[in-house]
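Novice: Have a look at the structure that comes next, please.
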Amino acid sequence: MTRLWIVRAGAQGERELAAIDQNKLFPGFLEVRDLTKLDSRDAIFAHLQEVLPDEGKKRLLNFAAQLNQFVNQIRIDDYVVMPRKLTNGVAIGIAKGNYQFDATSDSKHSRSVEWKEESLPRDMFKQDLRYSFGAFLTICEIRRNAALERVKAVLATGCDPGPQLGQQGKTTKSSVPGGADDDETLAEESQTDIEDIAAQQIISLVNSEFAGHALADLVAEIMRIEGYTTKVSPPGPDGGFDILAAGGTLGLGEDRICVQVKSGDGAANHDVVLRLIGSVSNTQATTGLLVSIGGVNAAARKELNNNFFKLRLWQMPDLLKALYRTYDELSDETRGKLPLKRIWVPMAGGAS
């Protein structure tokens, strides 16, 4: 029976680009050694007790349950969702290989995957599935509300038919080979990362209220609050940049930034970075800033790395941090489009 899994690629999306580029699932757990010969949760738990002796039993049971799913329960042709942190989307693929361990790799634990979509907007899914994508666990199965059939439908038609395909709210426990179900561990599958859910809702607001050139206006406003004098290019062809920003009195300081803003869900490519490099030179800027809420592809990332002393990148998490830093000083008009309230919530653990 085909199943649907979540496999994350780092709390901050640090392994996302490698996962997409290499057609792999990279869940982390880098302190853990080779699990190839460990065929049950109990065996993995015993290994974790050796390599993570300072962790509590409950946390190790949680990790063991997740790793057992990754090593022993995911099957070839199962569907996998990788919720992305660097964009507002989710990658969806089909597992194509068994568990592998490579001690020389930065990611160590992996499985091969065939990506069907690299960054589907979360808004294509109804709210119950978006909440499932926000589960705390790094690795878990999604079973509620005909989730698998609905993910297949979105891939085929671009439309989520909703939970009516299954029984609303119905969930079943998974059986872990080699050990009894751990009720506390399984119960954590229903917990949601409230911070992530809130961030995704804010991202949806940004995408809807600041589409196209309006995103450049938002970035320019943030930069003005942070002390820069800015000049925003008019809508239309921008010649490789959208904003010029400079520090110092009257904007005549040495900190001169040429900003290219790319809205939309698509990743910025190599050509976008090359145009920005040319604009930095043409405008006599000292630094180029690429703001791309759809992220960047592997070739663009490589070019950015090769120009570390000249270029910087803001992806969606960076834009959100800047927004949070400056929110109280944004104009009434901007805050009216992005009505936010700061709250405190208790933290929950369990993810890697």
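Novice: Out of all the residues in the stretch 202-229, which are of a type in the set (Val, Ile, Thr) and open to solvent by less than 30 Å² (accessible area, probe 1.4 Å)? Break it down stepwise before answering.
Specialist: Taking the stretch 202-229 and keeping what is of a type in the set (Val, Ile, Thr), we get 202-203, 206, 219, 222, 225, 229.
Correct list: Ile202, Ile203, Val206, Val219, Ile222.
Novice: Give the residues of the stretch 90-122 that are among the aliphatic types (A, V, I, L, M) and within 24 Å of Leu148 (Cβ to Cβ), sorted by residue number. Please lay out each step first, then the result.
Specialist: Just the residues of the stretch 90-122 that are among the aliphatic types (A, V, I, L, M), to begin with: 90-92, 94-95, 103, 113, 120.
Listed by number, the residues that qualify are Val90, Ala91, Ile92, Ile94, Ala95, Val113, Leu120.
Novice: Would you check if Glu184 is part of a helix (DSSP H, G or I), at pLDDT below 80 and open to solvent by 60 Å² or more (accessible area, probe 1.4 Å)?
Specialist: On the way: part of a helix (DSSP H, G or I): yes; at pLDDT below 80: yes; open to solvent by 60 Å² or more (accessible area, probe 1.4 Å): yes.
So Glu184 fits the description; yes.
Novice: For residues that are on the phi > 0 side of the Ramachandran plot and either charged (D, E, K, R) or part of a helix (DSSP H, G or I) (or both), scanning just the stretch 239-287, find the one that is nearest to the chain's Cα centre (by Cα). Spell out the reasoning first.
Specialist: At the first step, the residues of the stretch 239-287 found to be on the phi > 0 side of the Ramachandran plot are 239-240, 248, 250-251, 264, 284.
Narrowing further to those that are either charged (D, E, K, R) or part of a helix (DSSP H, G or I) (or both): 250-251.
Working: Leu250: 38, Gly251: 35 Å.
Checking each candidate, the answer is Gly251.
Novice: Among the numbered criteria (1) in a loop (DSSP other than H, G, I, E, B); (2) touching a Gly at 6+ places or on another chain (Cβ under 8 Å); (3) within 20 Å of Val113 (Cβ to Cβ), which one does Leu17 miss?
Specialist: Every condition holds for Leu17 apart from (1).
Novice: Tally up the residues in the stretch 250-271 that are surrounded by 14 or more Cβ atoms within 10 Å (Cβ to Cβ) and charged (D, E, K, R), please.
Specialist: 4
Novice: Can you name the condition, by its number, that Gln12 falls short on among (1) touching a Gly at 6+ places or on another chain (Cβ under 6 Å); (2) surrounded by fewer than 23 Cβ atoms within 10 Å (Cβ to Cβ); (3) polar (S, T, N, Q); (4) under 30 Å from Asn207 (Cβ atoms)?
Specialist: (1)
Novice: Then there's this: For residues that are hydrophobic (A, V, I, L, M, F, W, C) and open to solvent by 80 Å² or more (accessible area, probe 1.4 Å), scanning just the stretch 309-352, find the one that is modelled with the highest pLDDT.
Specialist: Applying the first criterion (hydrophobic (A, V, I, L, M, F, W, C)) to the stretch 309-352 yields 309, 311, 313-314, 316, 319-320, 322-323, 330, 338, 340, 343-345, 347-348, 351.
Add one more test, that the residue is open to solvent by 80 Å² or more (accessible area, probe 1.4 Å), and what stays is 309, 343-344, 347.
Working: Phe309: 93, Ile343: 79, Trp344: 75, Met347: 62.
So the residue we want is Phe309.
Novice: Here is a follow-up. Consider the stretch 121-166. How many of its residues are touching a residue at least 40 places away in the same chain (Cβ under 8 Å) and within 15 Å of Ile6 (Cα to Cα)?
Specialist: So the answer is 19.
Novice: Sticking with this one: Please go through the stretch 92-106 and give me each residue that is within 16 Å of Ala18 (Cβ to Cβ), open to solvent by 10 Å² or more (accessible area, probe 1.4 Å) and under 19 Å from the mean Cα position of the chain (by Cα), ordered by number.
Specialist: Asp106
Novice: Taking only the stretch 53-105 into account, find how many residues are β-branched (Val, Ile, Thr) and free of Cβ contacts under 8 Å to residues at least 12 places away in the same chain.
Specialist: Keep residues of the stretch 53-105 that are β-branched (Val, Ile, Thr), which gives 71, 74, 76, 80-81, 87, 90, 92, 94, 104.
Then keep just the ones that are free of Cβ contacts under 8 Å to residues at least 12 places away in the same chain; that gives 104.
Result for the stretch 53-105: 1.
Novice: Next question. So, Arg301, is that one open to solvent by 60 Å² or more (accessible area, probe 1.4 Å) and in a strand (DSSP E or B) or not?
Specialist: Details: open to solvent by 60 Å² or more (accessible area, probe 1.4 Å): yes; in a strand (DSSP E or B): no.
In short, no.
Novice: Could you list all residues from the stretch 63-92 that are out of contact with any Phe, Trp or Tyr (no Cβ under 8 Å at 6 or more places or on another chain) and farther than 22 Å from Arg41 by Cβ?
Specialist: Asp77, Met82, Arg84, Lys85, Leu86, Thr87, Asn88, Gly89
Novice: Taking strands (runs of 3 or more DSSP E) that fall entirely within the stretch 48-164, which contain at least 3 residues that are touching an Asp or Glu at 6+ places or on another chain (Cβ under 8 Å) and modelled with pLDDT under 90? Show your work before the answer.
Specialist: Values: elements: 79-83, 89-95, 109-121, 139-141.
Of the strands (runs of 3 or more DSSP E) lying wholly inside the stretch 48-164, none has at least 3 residues that are touching an Asp or Glu at 6+ places or on another chain (Cβ under 8 Å) and modelled with pLDDT under 90.
Novice: Moving on. What are the pairs with Cβ atoms under 6 angstrom where one residue, in the stretch 316-335, is under 15 Å from Glu226 (Cβ atoms) and the other, located anywhere, is aliphatic (A, V, I, L, M) and surrounded by 18 or more Cβ atoms within 10 Å (Cβ to Cβ)? Sequence gap at least six, or different chains.
Specialist: Close Cβ pairs satisfying both conditions: Ala322/Ile222; Thr326/Ile222.
Novice: Among (1) over 30 Å from Ala298 (Cβ atoms); (2) open to solvent by less than 20 Å² (accessible area, probe 1.4 Å), which single condition is Glu50 missing?
Specialist: Failing condition for Glu50: (2).
Novice: Looking only at the stretch 15-47, count how many residues are buried (at least 19 other Cβ atoms within 10 Å of the Cβ) and basic (Lys, Arg).
Specialist: Number of matching residues: 3.
The values are calculated or read from the model by the stated rules, or taken from the named source; none is laboratory data. Please read these numbers as outputs of a predicted model, since none were measured by experiment. Here Cβ is always computed from backbone atoms with ideal geometry, including for glycine, and neighbour counts include all displayed protein chains. These accessible areas exclude ligands, DNA and RNA; they are computed on the full protein's heavy atoms, side chains included. Shrake-Rupley method; radii C 1.70, N 1.55, O 1.52, S 1.80 Å.
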